[in-house]
1. Can you tell which of ASN181, ASN203 is modelled with pLDDT under 90, farther than 24 Å from PRO58 by Cβ and not charged (D, E, K, R)?
2. Does LEU57 count as in contact with a Gly (Cβ under 8 Å, 6 or more places away or on another chain) and surrounded by 17 or more Cβ atoms within 10 Å (Cβ to Cβ)?
3. Looking only at the stretch 141-169, count every residue that is over 29 Å from GLY96 (Cα atoms), of a type outside the set (Ser, Thr, Tyr) and without any contact (Cβ under 8 Å) to a residue 40 or more places away in the chain and tell me the total.
Amino acid sequence: MTIATSLPGHDAVSRPWLWAALIPALLGLGGGMAVIAMVPPSLGTLFGGLAVATVMLPGLVMAQQQWLERVLAVGCFTVPLAATWVQLINREVMHGGEWLVASFVLLAYGCGIGGLACLLRMLTRGLTKGRDCGTAAAAGAVVAGVLWLSWPIWMAPCLSGPAGEKTVARLVAVHPAFALNGRLMRAFPVPWAQYRLAYELTNIGDDIPYEMPRAVWPCVLLQMAIGLGLAGRERRGRFA
């Protein structure tokens with residue numbers, strides 16, 4: 001028997017870290033492969049990855065108790081998911097540098113959606129006098145993520161005139177889908193809002209002019225700022 005395995009509480013200490021890495025990694029890989037199976041190699045593959053992260057990551061983050069475990073869960077989920085995008089390189093849709101940029105945006109978005117779940121949990125715990133609201137926080141983060149990714153569809157029709165154009169310009173600059181499309185214009189020269197399905201769902205680019213982002217940094221910085229919630233602490237110590 002080794003010293004490490006004979007220490008009291010060794011299993012209790014090591015097992016959370018194992019599950020914080022293994023389960024997110026398997027789900028991230030599985031989610032990415034599911035997108036590949038359903039979507040041909042295109043910009044939709046990247047958008048599908050954002051959707052998978054939106055649906056899966058908040059719950060995975062809420063299952064962790066320590067901030068390092070939450071960060072580990074985000075990293076172990078997004079890295080395998082981004083690895084499935086390598087097929088876009090193999091099929092010469094984009095090159096390695098563009099894949100790294102896309103993966104970086106995915107990681108930042110994963111931190112953002114996970115951090116939002118943590119912030120919602122801290123908020124709801126304060127409002128409910130200490131009750132554990134992890135499930136509600138995860139659900140709230142999923143809903144918020146879906147609304148954020150889809151605002152060009154449901155909110156754009158309400159944005160018209162000069163004031164609306166300014167609002168769209170600010171939102172486009174930090175939106176992960178626009179950031180990816182703008183930075184990867186060489187690989188995907190057609191703006192996603194001009195695709196047939198998107199053209200029928202949103203009036204951005206038609207009634208509302210906008211400029212595609214040239215850099216991903218505004219989007220990444222916003223998502224990472226929200227991601228600071230991953231390191232949050234709660235009064236009663238459930239977040240350490």
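1. On the way: ASN181 fails: modelled with pLDDT under 90.
Going through ASN181, ASN203 in turn, the sole match is ASN203.
2. Numbers: in contact with a Gly (Cβ under 8 Å, 6 or more places away or on another chain): yes; surrounded by 17 or more Cβ atoms within 10 Å (Cβ to Cβ): yes.
So LEU57 fits the description; yes.
3. Matching residues across the stretch 141-169 total 11.
The values are calculated or read from the model by the stated rules, or taken from the named source; none is laboratory data. What you are looking at is a predicted structure, and each value in this text was computed from that prediction instead of being measured. No Cβ is skipped: glycine too gets one built from the backbone with ideal geometry, and neighbour counts run over all protein chains shown.
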